[in-house]
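To keep things clear, I will list the structure first and then write my remarks on it.
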Amino acid sequence: MAHYLVTGGAGFIGSHLAEELLRRGERVRIVDSLITGRRANLTHLPGVEFLEGDLADLAVARRAVDGVEYVLHQAAIPSVPRSVDDPITSNRANIDASLNLLVAARDAKVRRVVYAGSSSAYGNTPTLPKVETMPTGPLSPYALQKLVVEQYCSLFSQLYGLETVTTRYFNVFGPRQDPSSPYSGVISLFISAMAAGRAPTILGDGEQTRDFTFVANVVDGVLRACHAEGVSGQVINVATGGRISLNQLFRVVRDLTGAQVEAEYGPLRAGDVRDSQADITKARQLLGYEPIVTFEEGLARTVRWYREAALTTA
Ligand code: UD1
């Protein structure tokens, strides 16, 4: 049994990682500030050790890594528009906290840190799909923050010999993604609106595209990145390799929910990327990764989950 720290483990992706680790019989500690995470995401995981605290405090980071072998660093304020509105708060959560965690992990001789990077690092580089060797072009504070920390991770590998891997996520969705904020991920917003018979808002012309990735694929990719040999210091896309426009997404969610609505259109968001699609060759080669749940299947499961969650909270 190995000992894992999942930062941001009370959040959407972190809670799925914790759940899978427990299922595999591993020992799990979670640290979460509960700024965006929720205790309710942990009620079905009685076996975890929960530490409430903010990694922007170095003492919390040191407590969190104490005795741990692997760190899965998911904690962040994960929103492009929120970072545009309030770059200082997101910088603190996304950069300052991460640097503390890396220093603490180095000093505690953690075996490996797997960091949740973001496809936003690519910005509007013209070629699709996005390959890890491409130049980056952050368009928002969030994108820049995610890029800075992946570079910190690679630097810590070179400079201090701390093993790190960055998994660059592409628009992850699934059960437990919180739809309650205007900054929430678009799939959670579309499903919660249409399941209640309300029209969702498409920002821009709806022809922007995303490689929407069901969370189970990310969990698999991260755990592979945690244990693969010879990948320290690497940055690896974790996605499905497909591309769906928001107009298409709207139609599929409408069909799945049976909503009788038309989309409303609003102004394009500042800092928005036009097209995003991953090349997953590197993940295949280095991690033996292969998407296990398709976009369509993942979306159907997610709609079912939101329906059941709405019933249990009604
Ligand atoms: C970005 C990153 C992603 C990261 C995420 C964290 C890219 C390509 N992706 O996602 O890797 O994990 O930030 O938050 O940069 N939209 C609507 N209506 C809404 C809400 C959003 O049309 O009500 C649109 C947005 O303008 C955008 C798309 O939906 O074009 C996706 O938005 P969102 O879910 O917020 O994620 P990204 O910003 O693409």
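Restricting the range 221-256 to residues that are of a type in the set (Val, Ile, Thr) and open to solvent by 20 Å² or more (accessible area, probe 1.4 Å), the residue that is nearest to Gly117 (Cα to Cα) is Val235. Restricting attention to the range 182-204, the residues that are assigned to a strand (DSSP E or B) and surrounded by 20 or more Cβ atoms within 10 Å (Cβ to Cβ) add up to 1. Pairs are defined by a Cβ separation below 7 Å, a sequence spacing of at least 6 or placement on different chains, a first member in the range 292-303 that is assigned to a loop (DSSP other than H, G, I, E, B), and a second member that is open to solvent by less than 80 Å² (accessible area, probe 1.4 Å); the pairs so defined are Ile292/Ala216; Ile292/Asn217; Ile292/Asp220; Val293/Phe214; Val293/Ala216; Val293/Asn217. Considered as a group, the residues in the range 63-115 that are of a type in the set (Lys, Arg) and more than 28 Å from Pro179 (Cα to Cα) include one that is nearest to the chain's Cα centre (by Cα), and that residue is Arg112.
Here the condition is being assigned to a loop (DSSP other than H, G, I, E, B) and either within 20 Å of the chain's Cα centre (by Cα) or under 23 Å from Gly221 (Cβ atoms) (or both); of Leu144, Leu139, it holds for Leu139 alone.
Quick grid of which residues meet (1) buried (at least 21 other Cβ atoms within 10 Å of the Cβ); (2) closer than 29 Å to His44 by Cβ:
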| residue | (1), (2) |
| --- | --- |
| Asp107 | no, no |
| Thr125 | no, no |
| Pro138 | no, no |
| Glu150 | yes, no |
| Cys153 | yes, no |
| Gln158 | no, no |
| Thr167 | yes, yes |
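Restricting the search to the range 7-38, which residues are over 16 Å from the mean Cα position of the chain (by Cα), within 22 Å of Phe214 (Cα to Cα) and open to solvent by 10 Å² or more (accessible area, probe 1.4 Å)? Residues satisfying the conditions are Leu22, Arg23, Arg24.
So which residues in the range 271-282 are touching a helix residue (DSSP H, G or I) at 6+ places or on another chain (Cβ under 6 Å) and crowded, with 22+ Cβ neighbours inside 10 Å, if there are any at all? The answer is Ser276, and nothing else. Looking across the range 45-81 at every residue that is small (Gly, Ala, Ser) and away from the ligand (no atom under 16 Å from the Cβ), the one that is farthest from Asn91 (Cα to Cα) is identified as Gly47. Scanning the range 188-216 for residues that are more than 7 Å from the ligand (Cβ to nearest atom), touching a strand residue (DSSP E or B) at 6+ places or on another chain (Cβ under 6 Å) and touching a residue at least 60 places away in the same chain (Cβ under 8 Å) yields a count of 6.
The values are calculated or read from the model by the stated rules, or taken from the named source; none is laboratory data. As the structure is a computational prediction, the values presented were derived from the model and not from experiment. Cβ sites come from the backbone with ideal geometry, for glycine too, and all protein chains shown count toward neighbours. Surface accessibility is based on the protein's heavy atoms, side chains included, excluding ligands, DNA and RNA. Shrake-Rupley method; radii C 1.70, N 1.55, O 1.52, S 1.80 Å.
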